[in-house]
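Quick notes on the structure that follows.
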Amino acid sequence: MAIKKITAIIDELQLDDVEKKLLAHGVSGFTVTPVRGRGKYSNNYSQDQMITHAHLEIYSNENCAKKIAELIMKTADVGATCEGLIAISPIDELFWVYQQTVVTEKDFNFYDHVNEAK
């Protein structure tokens, strides 16, 4: 099995919506960290011109990684230049600390079809 890591840096204001969509699609394991940085957009109202974003890390199998990235992009996109980036990286090995076992295919979920409230 090929394991991938999805790293997303998104506008912090879109985080709640992204989390809800991930959970609705069965992606329940992710890490969220607040980050500050500068990229295509800078905060001209701040002395250091840094902006705050949310940093998400999600591990997935290869089949679901791109679907997860696309879901995040679709949900976080509000048409602003400061929305962030998403990367998909290969992972050589991934282990569960509490079981001291290798993560397997059955440890990942992504549901293509979900019932979403309109």
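Is at least one residue of segment 35-51 at pLDDT below 95 and touching a helix residue (DSSP H, G or I) at 6+ places or on another chain (Cβ under 6 Å)? For segment 35-51, residues at pLDDT below 95 and touching a helix residue (DSSP H, G or I) at 6+ places or on another chain (Cβ under 6 Å): absent.
Scanning segment 64-84 for residues that are at pLDDT 90 or above and either surrounded by 12 or more Cβ atoms within 10 Å (Cβ to Cβ) or part of a loop (DSSP other than H, G, I, E, B) (or both) yields C64, A65, K66, K67, I68, A69, L71, I72, M73, T75, A76, D77.
Being at pLDDT 90 or above, among the small types (G, A, S), over 11 Å from the mean Cα position of the chain (by Cα) and surrounded by 14 or more Cβ atoms within 10 Å (Cβ to Cβ) is the requirement here; does A24 meet it? Let's see the steps before the verdict.
Values: at pLDDT 90 or above: yes; among the small types (G, A, S): yes; over 11 Å from the mean Cα position of the chain (by Cα): yes; surrounded by 14 or more Cβ atoms within 10 Å (Cβ to Cβ): yes.
Judged against the criteria, A24 is a match.
The values are calculated or read from the model by the stated rules, or taken from the named source; none is laboratory data. Please read these numbers as outputs of a predicted model, since none were measured by experiment. No Cβ is skipped: glycine too gets one built from the backbone with ideal geometry, and neighbour counts run over all protein chains shown.
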